[in-house]
1. Scan region 73-112 for residues that are more than 20 Å from Ala124 (Cα to Cα) and either of a type in the set (A, V, I, L, M) or surrounded by fewer than 16 Cβ atoms within 10 Å (Cβ to Cβ) (or both) and report the count.
2. Being open to solvent by 80 Å² or more (accessible area, probe 1.4 Å) and among the aliphatic types (A, V, I, L, M) is the filter here, so list the residues in region 33-64 that pass it.
3. Which of the strands (runs of 3 or more DSSP E) found entirely inside region 92-198 contain at least 2 residues meeting this: away from ligand 2 (no atom under 16 Å from the Cβ) and closer than 21 Å to Gln73 by Cβ?
4. So, of the residues in region 163-183 that are away from ligand 1 (no atom under 12 Å from the Cβ) and farther than 20 Å from Leu56 by Cβ, which turns out to be surrounded by the fewest Cβ atoms within 10 Å (Cβ to Cβ)?
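The values are calculated or read from the model by the stated rules, or taken from the named source; none is laboratory data. Everything numeric in this text was worked out from a predicted model, so none of it was measured. Methodologically, a virtual Cβ is constructed for each residue, glycine included, from the backbone with ideal geometry; neighbour enumeration extends over all protein chains shown. Protein only, heavy atoms only, side chains kept; ligands, DNA and RNA dropped before computing areas. Shrake-Rupley method; radii C 1.70, N 1.55, O 1.52, S 1.80 Å.
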Amino acid sequence: MSVRDVTDLYEEFGDDRLPPGQRETSRFPVLSKSGTPSWSPEDWEFEVWGAVEEPLSFSLSEFEALPSETQRQDFHCVTGWSRFDNEFTGVPFPALAERAGVRDDAAHVMFHGFDGYTTDLPLAECDREEVLFAWELDGEPLPDDHGGPVRVVTPHKYAYKGAKWVDGVEFLTEKRLGYWEKRGYSDTADPWNEERYS
Ligand SMILES: Nc1nc2c(c(=O)[nH]1)N[C@H]1C(S)=C(S)[C@@H](COP(=O)(O)O)O[C@H]1N2
Ligand SMILES: [Mo]
């Protein structure tokens with residue numbers, strides 16, 4: 001299986017692979033606002049709606065049949081740890097956006113998790129190949145506590161921009177704040193600029 005290494009994306013943002021104020025860990029801590037929600041493969045449904053030509057809906061098997069790739073990525077948590085070289089398999093954001101046909105007036109994207117979590121990014125900042133809707137980590141199904149069956153990963157942003165348990169993508173014509181962004185975390189979340197709080 002081929003793995004695309006995107007760990008050099010830091011070069012776009014800073015001089016060092018490890019962003020300032022972070023320390024590297026080989027552990028993978030779990031951070032969730034309210035525990036791990038339960039789900040069943042039969043009931044899981046993923047939807048794309050809002051400022052798109054064609055709203056989409058997928059069952060889990062349909063979603064996991066989308067053209068996917070495996071990327072080697074780094075993961076930066078706003079609480080100060082970074083985990084290097086995670087291999088995530090999933091569908092890149094641009095491929096999903098293309099299927100839905102993003103309207104010209106779409107400017108932002110709200111990601112919804114089925115634990116009630118939300119997080120937003122400007123369309124231009126999530127319409128990149130490194131933003132994956134991932135269902136595998138290091139060759140195994142994504143563990144439930146890390147967001148299984150499907151989560152978003154955003155290696156160019158602090159990890160709270162990556163919704164675990166993602167089941168909805170809403171294209172917005174105007175910015176709206178997500179769960180942590182409303183509670184004082186930075187809306188821009190650039191790790192190399194230490195945009196932790198707003
Ligand atoms: N649905 C959902 N996604 C979420 C969260 C959450 O509470 N719910 N927490 C965020 C935060 S603050 C972080 S740091 C990462 C943590 O991912 P991890 O638990 O896999 O380390 O997930 C993000 N995505
Ligand atoms: Mo976090």
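1. Summing the residues that are more than 20 Å from Ala124 (Cα to Cα) and either of a type in the set (A, V, I, L, M) or surrounded by fewer than 16 Cβ atoms within 10 Å (Cβ to Cβ) (or both) in region 73-112 gives 5.
2. Within region 33-64, no residue meets the criteria.
3. Values: elements: 108-113, 118-122, 132-137, 151-153, 166-172.
So the answer is 132-137.
4. Applying the first criterion (away from ligand 1 (no atom under 12 Å from the Cβ)) to region 163-183 yields 169-177, 182.
Next, only the ones that are farther than 20 Å from Leu56 by Cβ stay: 174-177, 182.
Working: Glu174: 8, Lys175: 14, Arg176: 14, Leu177: 15, Lys182: 13.
Among residues in region 163-183 that are away from ligand 1 (no atom under 12 Å from the Cβ) and farther than 20 Å from Leu56 by Cβ, the one surrounded by the fewest Cβ atoms within 10 Å (Cβ to Cβ) is Glu174.
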